[in-house]
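The structure appears below as structure tokens.
The values are calculated or read from the model by the stated rules, or taken from the named source; none is laboratory data. In this text, all values refer to a predicted model and were calculated from it rather than measured experimentally. Cβ sites come from the backbone with ideal geometry, for glycine too, and all protein chains shown count toward neighbours. Remember, those area values only see protein heavy atoms, side chains included, never the ligands or the DNA or RNA. Shrake-Rupley method; radii C 1.70, N 1.55, O 1.52, S 1.80 Å.
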Amino acid sequence: MSDSSPGVWILRCDGGARGNPGPAASAWVLCDPSGHEVEARGEYVGSVTNNVAEYRALIAGLGAAARHQVPRLEVRMDSELVIRQMTGEYRVKHEGLKPLNAAARAAAGKIPAVRYTSVRRDHNTRADQLVNETLDRVLSSESPR
């Protein structure tokens, strides 16, 4: 599945923490087959690791795709770990990631066809932008004036 495949929606997900663990956000961008941005969100997820933030982005993004009744989805992330765990290439060894992986698999199960693609960070700029905007907004509101 690629941008030119008919009927394929694109979900770009990203998560990031300032510190690892540290204040973190997740973000996702869902685009329809024509490339139109249908839904995009960034959410503060508390003080967690980068990998936890990445999984939370994936779970939320898959939920958005299911709400839009997406029939075919390509997930693009710059987290090679999450992509390889979702494709089964890597086992989930970290106990803290096992429930998140299970939740992501359950969310993906609500979509008829899902493919996972690892992309470079510079090919995931919109989701990365939402992560950083969310963290900037949350952290600036917590700082003393």
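Scanning the stretch 91-128 for residues that are in a loop (DSSP other than H, G, I, E, B) and among the charged types (D, E, K, R), which turns out farthest from Ser79 (Cα to Cα)?
Initially, the stretch 91-128 is screened for residues in a loop (DSSP other than H, G, I, E, B), giving 91-97, 109-112, 119-120, 124.
Still in the list and also among the charged types (D, E, K, R): 91, 93, 95, 110, 120.
Working: Arg91: 15, Lys93: 16, Glu95: 18, Lys110: 22, Arg120: 9 Å.
Checking each candidate, the answer is Lys110.
Residues in the stretch 41-88 that are in a helix (DSSP H, G or I) and among the hydroxyl-bearing types (Ser, Thr, Tyr): 2 in all.
Any idea which of Arg12, Arg41, Arg56 is open to solvent by 40 Å² or more (accessible area, probe 1.4 Å), touching a Lys or Arg at 6+ places or on another chain (Cβ under 7 Å) and under 17 Å from Thr134 (Cβ atoms)? From the options Arg12, Arg41, Arg56, the qualifying one is Arg12.
Taking the criterion of being crowded, with 17+ Cβ neighbours inside 10 Å, under 25 Å from Glu37 (Cβ atoms) and not small (Gly, Ala, Ser), the residues of the stretch 73-118 that qualify are Leu73, Glu74, Val75, Arg76, Met77, Asp78, Val82, Ile83, Met86, Ile111, Val114, Tyr116.
Do the conditions hold for Ala65, that is, is it touching a residue at least 24 places away in the same chain (Cβ under 8 Å), open to solvent by less than 20 Å² (accessible area, probe 1.4 Å), among the small types (Gly, Ala, Ser) and over 24 Å from Pro21 (Cβ atoms)? Criteria met by Ala65. On the basis of being part of a helix (DSSP H, G or I) and open to solvent by 50 Å² or more (accessible area, probe 1.4 Å), does Asn20 make the cut? Taking the combined requirement at face value, the residue does not satisfy it. Glu133 satisfies every condition listed in (1) open to solvent by 60 Å² or more (accessible area, probe 1.4 Å); (2) in a loop (DSSP other than H, G, I, E, B); (3) closer than 20 Å to Cys31 by Cβ except (2). Beta carbons closer than 6 Å, at least 6 apart along the sequence or on distinct chains, pair a first residue in the stretch 92-113 that is without any contact (Cβ under 8 Å) to a residue 24 or more places away in the chain with a second that is open to solvent by less than 60 Å² (accessible area, probe 1.4 Å) for Val92/Gln85; Val92/Asn101; Lys98/Val92.
Restricting Glu37, Glu54 to those that are modelled with pLDDT of 95 or more and farther than 19 Å from Ala106 by Cβ reduces the list to Glu37.
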